[in-house]
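The next block holds one structure in the form of structure tokens; read it before the comments.
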Amino acid sequence: MPVEKKETAIQPVAEARPAKKETKRDNAFNPREMEPKWQAKWEADKLYRSVIDESKPKHYALTMLPYPSGDLHIGHWYAMTPSDARARYMRMKGYNVLFPMGFDAFGLPAENAAIKDGVHPMKRTAQNVERMRKQLRSMGAMFDWEREAVSSDPEYYKWTEWFFIQLFKMGLAYRKMSAVDWCPNCNTTLAREQVWGDDRHCERCGTPVIKKDLDQWFFKTTKYADELLNFDGIDWPQTVKTLQTNWIDRSEGASVIFHTAPPSPPAPLPQGEGRHPIEIFTTRPDTLWGATFMVFSPEHPLVDEITTPENKAAVEEYKAQAARQSDIQRGAVDKEKTGVFTGGYAINPVNQARIPIWIADYVLMTYGTGAIMAVPAHDERDFAFARKYDLPIVPVIKPEVQSEADEGEIEAAYIGDGVMINSGPFNGTKVNTEKGRKNPGISKVIDWLEKEGIGKESVNYRYRDWLISRQRYWGAPIPMIHCNAHGWNPVPEDQLPVMLPEDVEWKPTGESPLKLHPTWKNAPCPVCGEPATRETDTMDTFMCSSWYHLRYLSPHYDKGPFDEAEYNYWMPVDTYTGGIEHATMHLLYTRFFHKALRDAGITEGNEPMLQLRNQGMVLGEDNEKMSKSRGNVIAPDVLVDKYGADTVRAYIMFFARWEMGAPWDSQGIEGSARWVRRVWTLFTDPSTTLRSAQGGPIVASDEVKKNLRRKVHQTLRKVTRNFEQFEFNTIVSSLMELMNEMYKAREAGAVGSGEWKEAQEIYLKMMAPVTPHIAEELWTNYLHKPYSIHQQQWPQVDEAAAKEDVIELPVQINGKVRDRINVPAEATEEEVRAAVLASAVVQKYLEGREPRKVIVAKGKLVSLVV
RNA sequence: GCCGAAGUGGCGGAACAGGCAGACGCGCACGACUCAAAAUCGUGUUCCCUCCGGGAAUGUGGGUUCGAUUCCCACCUUCGGCACCA
């Protein structure tokens, strides 16, 4: 039952109390003074310094580290302050919490700026880091700054280089010549993950990429493809798991070896001679008998070999055109299929059929083997191609229930289930729509292929190895040396780090300054000591961020990438928070990295981050993505200056569902500012504006006090659950609600009672993770409790106090709420039923009849069917 | 085309596990205070009607149920990812 509105009978005191103005000034809420004061004290007292403590359970809370652009964005606040609030909550719950911060400091913007204005990236980065540290401190977060790591510091990138060498030694880093994605604006190659969208643009700058044939360093991420598809034991959002699964895109099937056939049918060549094996991958080995032609990618190495003289010109022309097109966009949507006949033939190994070999750009060199068997009867693409070029179509799967009385023209490729036909020994075998071994037809054919030695079960992935070479200066050098006699060898580990030279020139040529440096690249071969050349490319910065969570453990440790004692205590990361845009980039790279290090014996366990939560995005007030060009950017510094950090933190947590994000609302923040100020007033001004009818102070009734206590514990229960579940918006709204109740209780004279004091204490403790400064100020200076509130235990819910004794039950009659009755919370079903039937409203609807059905949902409602 | 997420007042959003739809806040309206405004405080605020009462409503249409924002089926819209992947 809600608090009785006794105060309605009492007139507000019109005249302000004489001392009020003075008091107000003394107690003025001034975050601009108060917040820096506490920030300085917390830091001086090392309040947030996290040290190993075996007596407590540990909690490693991590939020994605920022790039030091030089200005903290509202998006950083949105990502970090709720993470901070939760880390603080975990700390109050009794965990020894590590919540570190650092900078992902290598990267292109600093280098591009250097080309423009000549300021060295090292200098600019240092300045930006300094500025962002200050801005980050203004959040009042519990970062342990003694663990700060900056990826562009030599003491950091020494180990980034060291990791490269470990991967190289394991055979996981290798060099390969291939057609790679090149961003003409960033002047560097990119990994596949870093090329986005329909127009295949650079993830960083938005410029469409082009293809270039280059010799580059790769990490063998594909070796871990299967393991990366396994998310056992980690609590990650389904969305991220799905994105990663789709990105890796495993498909099961078979690899089958075809052979080239002699040019003209009657001339049988001796076994083996002049016959090239052609390996293909197929997910449908059950349709092998329907393969009526083959298609090679124009880049396939066998194309020149098999092309007959009379087709040479056309093939060359097509290849040239395809090469040109790949620079623009070969994979345009719904493009009509094109191709040319090579003049060459292959033998289908299952039925010895002699089938023509075509080239077409719908077959990609980068997937499978770059060659396919074409089964036009059961593949839409092959069907379209066969139709266009009038190639034979042989059905090998017959639908079990054939509605058409046809045998006439086939109108489309048949993809469904059925029975194999025209397939030699397999005629009559059932085929369904399952993939891989789950499909009986596929499974039987694979067994047979293996027995016959024609092919074998095989798995293919869309996933590629990670291209990590970047033709840029501002990154960790790839610690490799090339010698004409001994090839590529790692820099000896005792010579790490390979330092970036500082004396470089910035030229807008698109060439890395490292390459243009007169002497830097000269180094003795680690094997023979003769003059050799350093690799002048640097590493993808995602390499730096793949292990930063390890460097935080001991950022200045020099005997290894991290101190093992710290590792053993803190790892793995318990809660990781950040944007979902990294789903197939950082979040995939770091999992790969951890697994590779595990296999090197450096890390333990299968996963680096146990729990992941993604925040959404803050949009501009115009509901568009924030950008300088749109002029809709919200600057947190300005807001902190105007409202104080606590208000900004509170609003950030309040205004949207964290995982969804929402547009910013400059008026909306006033509500949070009002809340913070009203809490301030509630704690600093205990007087009520009301007097009892007799003119004396009001003394709260037992009922008022009991109701207050109930509300406090109900709120505590809810806020606790919300913290556990990352529901930050309802934490703040529950606190607002409780504050409103406390104002009412104050008016009803509850101030000074034990219940009031308990309410105040619990209120500030619940508030502390959200608004750490005001909570500390009120706790120490107004409640005079021992400093610091951030070292207090999270309060316990008193379930007995939280319980309602009388509840109001809505009464539904035929699904509509017609009445409400008050019953004791403990009332039995019979008692509730009796109370409902006694209601005049219910009687009216019953019109003297018995209800057909009475459903009592205990504590919730009563539903009658009449 | 495939995969995923989401559609609730003027707005952001709430509703623990099928049980009172719209908590909390913004905005708006009215009132108090003020010479006035701002701030502050109070009251109200889903829509509609023949307004003591009643009806409709959580993207649309069905279904299950005493009861559906919640579960099931189909569809629409928006956003994100993938896209000739053999």
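Shown in residue order for region A:740-753 are the 3J(HN,Hα) couplings computed by the Karplus curve 6.51 cos²θ - 1.76 cosθ + 1.60 at θ = phi - 60°: 4, 5, 5, 4, 5, 5, 4, 4, 8, x, 7, 4, x, 6 Hz (x for Gly and Pro). Exposure check, 1.4 Å probe, all protein chains in place: A:PHE29 carries approximately 50 Å² of accessible surface.
The aspartates and glutamates whose alpha-carbon is closer than 20 Å to the alpha-carbon of A:LYS337, local same-chain residues fewer than 8 away aside, are A:ASP198, A:ASP199, A:GLU299, A:GLU316, A:GLU317, A:ASP327, A:ASP361, A:ASP379, A:GLU380, A:ASP382, A:ASP390, A:GLU411. On a per residue basis, chain A carries 46 Å² of accessible surface, using protein heavy atoms and a 1.4 Å probe.
For all pairs of alpha-carbon atoms in region A:77-174, what percent lies in each bin of width 5 Å, listed from the first bin to the last filled one? Percent of pairs per bin, in order: 3, 11, 15, 16, 15, 15, 12, 9, 4, 1, 0.
Could you state the per residue volume, in Å³, of the convex hull enclosing the Cα atoms of region A:44-108?
Working: hull volume 7.3 nm³, N = 65.
Once divided by residue count, the hull of region A:44-108 is 112 Å³.
Between A:LYS642 and A:THR519, the simple label model (points 7 Å from Cα in the Cβ direction) yields a spacing of 5.6 nm.
For region A:804-865, the fraction of alpha-carbon pairs lying more than 20 Å apart is 16 percent, rounded to a whole number. Expressed in units of 2.2 N^0.38 Å, where N is the residue count, the Cα radius of gyration of chain A is 1.23.
What FRET efficiency comes out for A:ASP417 versus A:VAL699 if R0 is 60 angstrom and r is the Cβ-Cβ distance? Round to the nearest 0.05.
Working: r = 80 Å, r/R0 = 1.34.
Calculated value: 0.15.
Taken one residue at a time, the phi angles of region A:349-365 give Karplus couplings (6.51, -1.76, 1.60, θ = phi - 60°) of x, 8, 9, 6, 5, 9, 10, x, 10, 10, 10, 7, 7, 7, 9, 9, 5 Hz. Gly and Pro are set to x. Proximity of backbone amide H atoms, modeled 1.01 Å from N, is registered between A:ILE807 and A:VAL823, A:ALA825 at under 5 Å, excluding neighbours fewer than 5 places apart on the same chain. Rolling a 1.4 Å probe over the protein heavy atoms leaves A:LYS93 with an accessible area of roughly 90 Å². When we measure straight from the Cα of A:LYS858, which lysines land under 20 angstrom away, once same-chain ones fewer than 8 places off are left out? Of all the lysines, those that pass the test against A:LYS858 - Cα under 20 Å, at least 8 places apart if same chain - are A:LYS803, A:LYS816.
Exactly which GluC sites (Glu not before Pro) in region A:543-635 are in a DSSP loop and have at most 11 other Cβ atoms within 10 Å? Walk me through the numbers before you get to the answer.
On the way: sites: A:GLU564, A:GLU566, A:GLU581, A:GLU604, A:GLU621, A:GLU624; in loops: A:GLU604, A:GLU621, A:GLU624.
Filter output for region A:543-635: A:GLU624.
Just in region A:595-650: which trypsin sites (Lys or Arg not before Pro) are loop by DSSP and have at most 11 other Cβ atoms within 10 Å?
Values: sites: A:LYS595, A:ARG598, A:ARG613, A:LYS625, A:LYS628, A:ARG630, A:LYS642, A:ARG649; in loops: A:LYS628, A:ARG630.
Here the sparse-neighbourhood loop sites are A:LYS628, A:ARG630.
Computed over protein heavy atoms with a 1.4 angstrom probe, the accessible surface ordering of A:ASP646, A:ASP622, largest first, is A:ASP622, A:ASP646.
Calculate the length of the line joining the C-alpha centroid of region A:188-223 to that of region A:803-817, in whole Å. So the separation of the two Cα centres works out to 61 Å.
Note on surface exposure: A:ARG820, A:ARG551, A:ARG387 rank A:ARG820, A:ARG387, A:ARG551 by accessible area, highest first, 1.4 Å probe. Computed over the alpha-carbon atoms, region A:119-270 gives an Rg to Rh ratio of 1.11, Rh here being the Kirkwood radius from the mean inverse distance. Near A:ARG534, the amide H atoms lying under 5 Å from its own belong to A:HIS482, A:ASN522, A:ALA523; only residues 5 or more places off or on other chains count, and H is placed 1.01 Å from N. When the pairs A:LYS134/A:LYS744; A:LYS312/A:LYS388; A:LYS744/A:LYS860 are compared against a 32 Å limit on Cα-Cα distance, A:LYS134/A:LYS744 fall above it.
Given the DSSP H assignment, sum -39500 (n - 2.57) over each helix run of at least 4 residues in chain A and divide by its residue total; what's the result at 222 nm in deg cm²/dmol, nearest 500? Could you put the intermediate results ahead of the total?
Working: 27 runs with 302 residues, N = 866.
Using -39500 (n - 2.57) per qualifying helix, the result is -10500 deg cm²/dmol.
Bridgeable lysines around A:LYS438 (alpha carbons under 28 Å apart, same-chain partners fewer than 8 residues away excluded): A:LYS223, A:LYS241, A:LYS398, A:LYS430, A:LYS451, A:LYS456. Rolling a 1.4 angstrom probe over chain A with all protein chains present gives an accessible area of which 51% lies on carbon and sulfur atoms. Legend: calculated FRET efficiency, A:HIS482 to A:LYS559, from the Cβ-Cβ distance at R0 = 22 Å, rounded to 0.05, equals 0.15.
Here region A:350-393 and region A:128-170 have alpha carbon centers that stand 52 Å from each other.
The values are calculated or read from the model by the stated rules, or taken from the named source; none is laboratory data. Not measured: the values here are computed from a predicted model. Here the Cβ is made from the backbone with ideal geometry for all residues, glycine too, and neighbour counts use every protein chain on show. Heads up: the accessible areas ignore ligands, DNA and RNA and are worked out on the full protein's heavy atoms, side chains in. Shrake-Rupley method; radii C 1.70, N 1.55, O 1.52, S 1.80 Å.
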